Amino acid sequence: MNTDRVDLLVARAKEGDQAAFTELVDLYGERIYNLGLRILKNQDDAADILQETFTAVYEKIGSFDGRSNFFTWLYRIATNFALMKLRKEKKTIYTDQDMEQQFDNPDSMQIHEWRDLPLQDMLNNEFRKHLDEAVEKLPEIYRSVFILRDMENLSIRETGQILGITESNVKIRLKRARLYLREDLAQYMDEYIKKEHT
Amino acid sequence: MKKHNKKVLHELCNYLGQDLNHPMCKELIQHVEECPEWKFYIDTIKMTVNIFRETHQPQPLPDKVKKNLLKTLNITK
C-alpha cells in the first residue's frame, strides 16, 4: 500500500471529500470485513463490524491526528468493535491461568507424529470447523494476537499497537496460542490416524 | 548455525515468539540444528500456522455489504 497515497486520501477525507473516503473503503473494506469474519466467524457479524468501523471512522476522521498510521488506527477501531461483540456472545472455555499452567510446563506437552499426513485430503469443511472451534476455545487475549499476527499477517509491532500491549506481551501470547493450537491439531491428527487404520 | 541464513533464523525465532538476538533463541537454534525432535517441534508449529492460513483464505467483500455501508454513510459512488 502506497502510504503517501493513503495520507493524501486521509487528508482529503478529513476535509469532507466523500470520494476520498470511498477510496479508503475500497482500499481497506475487504480487510476489515475479513478481520470481522476471523474474529466472529459469521458473515452478518463481519458486515456489522465493517459498518460500525467505517461509520466511526467517518465521524472521527477529523480528529485523527496521525500519531499512528491510518491503517493501525482503523484496525484498532475494528478490532475493538469485534472484541466487544465477542465479549457479549462468547463463553470462554479455558481461562488465562489454564493456558499458563498448560504451556509454561513443557512436560505437559506431547509431540505427535503428523507431519506425513495427507493434509490436502483433510482440508474439508469438517476440518475447518474443528479449526474454528479450536480458535474459539482460546481466551480472547490469545485469540486476538493469533488472528492479527498469524492470520492477518501483521507485524508484532503493529499487533501490539492495535491491541495496546507491549511487543513482549504479543510474543508471549502468540507463543501460547500457537502451542495450544498445535496441541489441539495434534490430537485431531491422532484421531484421524486411528480412524484411517480401523 | 552454518545451515541457516539470517532470514531463516529470523523466521525461526519469530515462530518461537522471540527476537533474533535473544540468548534463548540462539541456544534453541543450536539445538534445532543438532536435535531432530526440536526440528520436528518447530516444523509442527510452522505447519499449524500454515494450516490455519490455508484454511482461512480472505473472502471477497460482498457487493451488497459494501453498498449498504456507503448507503449508511450517505455516500453515493
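Rule-based calculations on the coordinates, nothing more; no lab input. Nothing here was measured: the structure is a model prediction, and the numbers come from that model. Cβ coordinates were reconstructed from backbone atoms using ideal geometry, including for glycine residues, and neighbour counts include every protein chain displayed.
Okay, here's what the table says:
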{"read-out": "Residue mean of other protein chain beta carbons inside 10 Å, A:172-179", "value": "4"}
{"read-out": "Test item: B:39-48 mean partner chain Cβ contacts at 10 Å", "value": "5"}
{"read-out": "Of the GluC sites (Glu not before Pro) in the stretch B:24-61, those whose Cβ has at most 16 other Cβ within 10 Å and which sit in DSSP loop", "value": "none"}
{"read-out": "For the stretch A:120-198 versus the stretch A:1-27, the gap between their alpha-carbon centres in whole angstrom", "value": "34"}
{"read-out": "Shielding score for B:61-73, defined as the mean number of other chain Cβ atoms within 10 Å", "value": "6"}
{"read-out": "Exceeding the 20 Å Cα-Cα cut-off - candidates A:Lys41/A:Lys137; A:Lys137/A:Lys195; A:Lys171/B:Lys46; A:Lys175/B:Lys26; A:Lys171/B:Lys26; A:Lys85/B:Lys46", "value": "A:Lys137/A:Lys195; A:Lys85/B:Lys46"}
